[in-house]
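Each remark here refers to the structure printed beneath this line.
A short reminder: the numbers here are calculations on the coordinates, not readings from a lab. It should be emphasised that the depicted structure is a prediction, and the values quoted were computed from it without experimental measurement. For neighbour counting, all protein chains shown are included, and Cβ atoms are generated from backbone atoms with ideal geometry for every residue, glycine included.
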Amino acid sequence: MTTAAIDPKRRALGKGLDSLLPRVQPIAAVEAEGGKPREINLDQIDRNPFQTRSQMNEEQLAELAASITSNGVVQPILVRPLPNGRFQLIAGERRWRASQLAGKATIPAILRQVSDEQAMEITIVENLQRADLNPMEQARAFERLSREFHMTQEQMAHRTGKDRATVANFLRLLKLPSTVQTRVESGELSFGHARTLLAFEHAEEMEKAAQRIMERSLSVRQTEAYVQGLLHPEKTAKKDAKPVPPIDPNVREVQTRLQSALGLKVQIEDHHGRGRVIIEYARLEDFDALLEQLAG
């Protein structure tokens, strides 16, 4: 695959803070020092109360802390001044926390005077553009943009660099019962699995199917066939489809270890010592991280 073929998608999925902020409504304030970063004491910065991310990978945080120890903070965080003389984080929580972990006293930051509403919008949209949220966090972030800022799906898609169908699919995840949402959030079920479960009308059906999917370690494609079989048993009977064979305990154990190591859905198809390993990813960032791990 050529670089030219990849760049457009990367630009759409990986737009950072520089491309985000100009789209936010104009603010009646001027950035401190003309927008140039300044060093601020870490203990003077308060956590962002509008943060969308509810989970943070501690291992990745430690890796970032090690990088900051060696190279410093490459990209400044964004903060806003508070009336009490302190600062409130708007964007860059991972860098802020990793700097604390690295034992740094200060961090480069850009000051911007914004209202609560603007700070919330910047935080949510910036997180969605960086695509480092799990599917449920993304779904709730889109829901907040819709509820609190009255954005349409088209507007949300434009602001985050995603297409409208993707936004709609994430919002649909909120129809899942809480037990299934928890499994999606923890990574036990992928975005593809969750979207397939939405074919059911009742929460009990979704929960029961989710349990069977996990017990059988079904891939997304197998899940689609399984769900269709439950919804249309007469068609399945006509096809006389073979049942999904049980997974060997040793294969299941290796499959679980790989999923834990990679953070992605893994399926191993073994036939007497021959087969294939299928690794599913839902985002370009997951694919890039996988390449880095496999390349050592």
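Tabulated results
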{"read-out": "Where labels lie 7 Å past Cα in the beta-carbon direction, separation of residue 51 and residue 248 in nm", "value": "4.4 nm"}
{"read-out": "Extension reserve of the residue 101-residue 276 stretch, reckoned as 0.36 nm per residue once the Cα distance is removed", "value": "59.0 nm"}
{"read-out": "In nm, spacing of pseudo-spin labels at residue 174 and residue 86 (7 Å Cα→C-beta vector)", "value": "3.0 nm"}
{"read-out": "Between region 257-288 and region 169-202, the alpha-carbon center distance in angstrom", "value": "20 Å"}
{"read-out": "Extension gain, residue 292 back to residue 61 (0.36 nm per residue minus Cα-Cα distance, nm)", "value": "81.5 nm"}
{"read-out": "Cα gyration tensor category, rounded, prolate or oblate, for region 90-200 with a/c compared to 1.5", "value": "oblate"}
{"read-out": "Label-point gap, in nm, between residue 182 and residue 148 - each point 7 angstrom along Cα→Cβ", "value": "2.5 nm"}
{"read-out": "Order of 104, 208, 265 - criterion: other Cβ atoms within 10 Å of each residue's Cβ, fewest first", "value": "208, 104, 265"}
